[in-house]
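The values are calculated or read from the model by the stated rules, or taken from the named source; none is laboratory data. Because the structure is predicted, anything quoted here is derived from the model rather than measured. Don't worry about glycine lacking a Cβ; one is built from the backbone with ideal geometry, like all the others, and counts go over all protein chains shown. These accessible areas exclude ligands, DNA and RNA; they are computed on the full protein's heavy atoms, side chains included. Shrake-Rupley method; radii C 1.70, N 1.55, O 1.52, S 1.80 Å.
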Amino acid sequence: MSRTGTEGRVDGRTARAERTRAAIVDAHLALITEGDLRPTGERIAERAGVSLRALWTNFSDMETLFEASGVRVLARQDAAYQPVDPSLPLNRRVEEYCRQRAELLQLIAPMARAAAMREPVSAQLRRNRLKHIERVRDEVSVLFAPELEMAGPGREQLLAALIASTMWPAWSMLLDGLDLDVDAARGVMVRTVTALLLTAMASGMA
């Protein structure tokens, strides 16, 4: 057999494997989005249209599936993300930042709820969460750089407060704990971020 023919068969197998993996990840996230927050391997395989053996051949365990699904969720966020202009006035930056954070948090809401149920016993889900935290840290550090600088010794505390107040646990409290709708929850986020920035700036200038 020619080398070209061998390579073609290998490429074909690789493409089929990639399609199978993608179908499994799609099925996993689709089930979660529909409310099945702890889908079993059997339900995922059935939804993906593959055998249970094929699922565990492509993913050695749920942790590796959580990793692949986490990459897909981040990709969805990346596709929806639009950087906020750091040169805007503070009130505009806060408004735009909180508007986008609300949209992105709503985008990942089902997956975040599902992750919260399993994260205490999943190292991979904790690693996934850290990736989200780092992205928010990077964004806040750039977007509110002048205000963080003005906070002086309180800079790191302010940064931590901004991150914590605009991540999923805080958003979940507003929606699921306090039963606010999205607009009301976003308004609370705007108020919180504004108060944190103005208070810290005032303390730093005192």
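Values computed for the structure shown
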item	result
Tally of residues being within 20 Å of F144 (Cβ to Cβ) and either touching a residue at least 60 places away in the same chain (Cβ under 8 Å) or touching a Pro at 6+ places or on another chain (Cβ under 9 Å) (or both) across region 63-96	6
Subset of region 114-126 [without any contact (Cβ under 8 Å) to a residue 40 or more places away in the chain and open to solvent by 40 Å² or more (accessible area, probe 1.4 Å)]	P120, V121, R126
Matching entry among P169, P110, P89, P153 (being at pLDDT below 95 and of a type outside the set (D, E, K, R))	P153
Residue match in region 187-206 (condition: free of Cβ contacts under 8 Å to residues at least 24 places away in the same chain, crowded, with 20+ Cβ neighbours inside 10 Å and not basic (K, R))	no
Residue identified as among the aliphatic types (A, V, I, L, M), under 28 Å from S165 (Cβ atoms) and buried (at least 20 other Cβ atoms within 10 Å of the Cβ) among A79, A102, A75, A48	A102
So V94, is it open to solvent by less than 10 Å² (accessible area, probe 1.4 Å), assigned to a helix (DSSP H, G or I) and in contact with a Ser or Thr (Cβ under 6 Å, 6 or more places away or on another chain)	yes
L55 in contact with a Ser or Thr (Cβ under 8 Å, 6 or more places away or on another chain), farther than 30 Å from V142 by Cα, in contact (Cβ under 8 Å) with a residue 24 or more places away in the chain and in a helix (DSSP H, G or I)	no
